[in-house]
1. Provide Ile244, Ile154 in ascending order of the number of other Cβ atoms located within 10 Å of each residue's Cβ, fewest first.
2. What is the antiparallel percent of DSSP beta bridges lying wholly in the chain, to the nearest 5?
3. Report the local net charge at Lys126: Lys and Arg +1, Asp and Glu -1, summed over other residues whose C-beta lies under 12 Å from its C-beta.
4. Sort Leu236, Leu217 so that the residue with the fewest other Cβ atoms within 10 Å of its own Cβ comes first and the one with the most comes last.
5. Which loop-located GluC sites (Glu not before Pro) does region 57-151 contain, where loop means any DSSP state but H, G, I, E or B and the Cβ has at most 13 other Cβ atoms within 10 Å?
6. Note down the magnitude of the dipole of the chain about its Cα centre, charges +1 on Lys and Arg C-beta and -1 on Asp and Glu C-beta and zero elsewhere, to the nearest 20 debye.
7. Go ahead and collect, in residue order, the members of region 323-345 whose backbone nitrogen is under 15 Å from a label point 7 Å along the Cα-Cβ direction of Arg395.
8. With contacts defined as alpha carbon pairs under 8 Å and 6 or more residues apart, what's the relative contact order of the chain in percent?
Amino acid sequence: MKLNPRINEWAAALPGFSQLHPLQDDDTLQGALRLLYEVRGFLEAISGLDEVSLQPAAGAHGEYTALKVMRAYYVDIGQPNRTIVLAPDNAHGTNPASCTMCGANVVPVKTNDGCTDLDDLARLIKEHGPENILALMITNPNTAGIFDHHIEEIANMVHEAGAQVYLDGANMNAILGVTLPGDFGVDCMHFNTHKTFSTPHGCGGPGAGPIAVRSHLAPYLPVPQIMMADDGSFYLDKDRPKSIGKVRSFIGQFGVLVRCWTYISACGPNGLRNVSEKAVLNANYSAALLCERYEMPYFKPAAKQFCAHEFVTVPKTLLSTGIALVDIAKRMIDFGIHPPTMHWPVHNCLMIEPTETESKKTLDHFASVMLRIADEIEKEPQSMPHAPFESVISRADEVAAARKPQTVHLPDHS
Ligand SMILES: Cc1ncc(COP(=O)(O)O)c(C=O)c1O
């Protein structure tokens, strides 16, 4: 997670935004509607797609909404049999979950070296029948931290089957201003505003997971849509007969979208590109500092295979001493570092996403801590299962903590 700038909070707390009532008449909401209209425009430009809906309340909710939109499109054009969604086997768990909730059948596509296996994709399209494919749901850069350079070829294969290319845009913070999803064949996508534009996290809400679509899918987007009238005023359009309807109360998560507007406006187009360049540089810098002690299956500088904004390490040598992955994560707490995602996208991995907001000093500190932990494991692996050593609570019984929680009274230093 990147650092959320304070200016976002200042903007969201302005009384003109925070004290509005969503049932006020449109003519008393012009500033708020203008802001939403501008967020819509920003995201249309950033995605290279035609129309954005701001309603979904999280990344996962965006996936769900987009699937509903794609399904509605196919039902409308007389192809209701399209119910199969292909998704690479390293897809985020929300991808198959959203498909299942929409009544679609998910078929995993093999990945090779972290990227979609084209032969397997072709085989699956043939096996299931091109006429039954609804979409390919792909994350790019993907969860292995790599930008899949075959994306145009992949998109062509999916389009030849008459299906849609859906981008899980959770990793857009690696490509802002560098490339447009619309240019690499995407028909429909969601944004994770928390990862890309420094807003609070979604996790199913309350966050924001706007979706962007090409024009053929636009009539099916949720209502209401934020529009600008010929006289320059803003209004909510509820008159969209083909719309899938509402997916969130009112017009979505307004406070989160104010933060999104603030971040994008503060950065500007060049600043957004700089965000991605720094996020990618920080990840590659950190990976390069660690790769000799922490094996990285997808980071191969000698073969010119670098990472995008995050990298995955599977520290096999350290784990061969008998310690568990969680021991490394727990020891990090002693140095004030929040443990990263574990065991995903592959078993026994740490997935590290430094983000653009960390300074070189912080990245160097992080690397020195990880190298020190590697030294400790090599010298004294038996002590690791007792980490953290310096926190108020050491190794908690995680099952008991969930099933029989007990609160601890910490000393009052106020
Ligand atoms: C690749 C990917 N897809 C989907 C999601 C789901 O997003 P959310 O937690 O906002 O529902 C995430 C979460 O950050 C993610 O990393």
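1. Details: Ile244 21, Ile154 24.
Ascending number of Cβ neighbours within 10 Å: Ile244, Ile154.
2. On the way: 18 of 35 bridges.
Roughly 50 percent of the beta bridges in the chain run antiparallel, per DSSP.
3. Working: positive: Arg123; negative: Asp119, Asp120, Glu127, Glu131, Glu160.
Combined, the nearby Lys, Arg, Asp and Glu give -4.
4. Details: Leu236 16, Leu217 21.
In increasing order of surrounding Cβ atoms, one gets Leu236, Leu217.
5. Numbers: sites: Glu63, Glu127, Glu131; in loops: none.
Nothing satisfies the criteria.
6. Values: 33 positive and 46 negative charges, 121 e Å.
So the dipole magnitude of the chain works out to roughly 580 debye.
7. Output list for this probe position: 323-334.
8. Numbers: 758 pairs, mean separation 75.2, N = 414.
Here the relative contact order equals 18 percent.
Every read-out reported here was derived from the displayed coordinates using simple, explicitly stated rules and does not represent laboratory data. The shown structure was predicted, so the numbers you read here are calculated from the model rather than taken from an experiment. In this analysis, Cβ positions are derived from the backbone assuming ideal geometry, glycine residues included, and neighbour counts consider all displayed protein chains.
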